[in-house]
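Colleague: After the structure tokens below, expect a handful of questions from me.
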Amino acid sequence: GVSHELLLTGRFVDAEEALRLGMVSRVVEDGAVVDAALEIAAQITANSPMGVWMTKEVAWSQLEVGSLQAGIDLENRTQILTSYTRDQGEQIASFLERRAPNYTDS
């Protein structure tokens, strides 16, 4: 596939090709990278801290998981854990009240 070709040839991939191949999530103008990074950071930090933490943990753990069932079980456990936090209720309340959430659990 494409990844093998890139690894074996070592050829240069410009920003537009990297975007087309899904190697990057976006391309920004020169000088706009910090603003773009801060925009993404603001979107991430608008979420529950525990939700972000668990998402990162599961994403990295899925790289090592031994089977599809083990991966599903890990995700299921994580969904259950996060549903027992105060932040889960706050997420629902803030959505229904059309306001920004005020998370208290981490």
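Colleague: Consider only pairs whose beta carbons are under 9 Å apart and that are at least six residues apart or on different chains; among these, list those whose first residue lies in the stretch 1-29 and is under 30 Å from ALA41 (Cα atoms) and open to solvent by 90 Å² or more (accessible area, probe 1.4 Å) and whose second residue is assigned to a helix (DSSP H, G or I) and among the charged types (D, E, K, R).
Modeller: Between residues of the stretch 1-29 that are under 30 Å from ALA41 (Cα atoms) and open to solvent by 90 Å² or more (accessible area, probe 1.4 Å) and residues that are assigned to a helix (DSSP H, G or I) and among the charged types (D, E, K, R), the close pairs are MET23/GLU17.
Colleague: Also, quick follow-up: Looking at (1) more than 30 Å from GLY1 (Cβ to Cβ); (2) in a helix (DSSP H, G or I); (3) under 18 Å from the mean Cα position of the chain (by Cα); (4) modelled with pLDDT of 90 or more, which one does VAL58 not meet, given that it meets all the others?
Modeller: Just one mismatch for VAL58, condition (1).
Colleague: Name the pairs whose Cβ atoms lie under 8 Å apart, with the first residue in the stretch 64-75 and of a type outside the set (A, V, I, L, M), the second not in a helix (DSSP H, G or I), and 6 or more positions between them or separate chains?
Modeller: GLY71/VAL65
Colleague: Okay, next question. I'd like the full set of residues that are under 20 Å from THR104 (Cβ atoms) and either in contact with a strand residue (DSSP E or B) (Cβ under 7 Å, 6 or more places away or on another chain) or open to solvent by less than 90 Å² (accessible area, probe 1.4 Å) (or both), limited to the stretch 58-92.
Modeller: THR78, ILE80, LEU81, THR82, SER83, THR85, ASP87, GLN88, GLY89, GLU90, GLN91, ILE92
Colleague: Taking the stated definitions as given, is ALA100 surrounded by fewer than 10 Cβ atoms within 10 Å (Cβ to Cβ), at pLDDT below 95 and part of a loop (DSSP other than H, G, I, E, B)?
Modeller: yes
The values are calculated or read from the model by the stated rules, or taken from the named source; none is laboratory data. This one's a predicted model, so the numbers in the text were calculated from it and none came from an experiment. Neighbour counts are summed over all protein chains in view; Cβ atoms, including those assigned to glycine, are modelled from backbone coordinates with ideal geometry. For accessibility, only protein heavy atoms count, side chains too; no ligands or nucleic acids. Shrake-Rupley method; radii C 1.70, N 1.55, O 1.52, S 1.80 Å.
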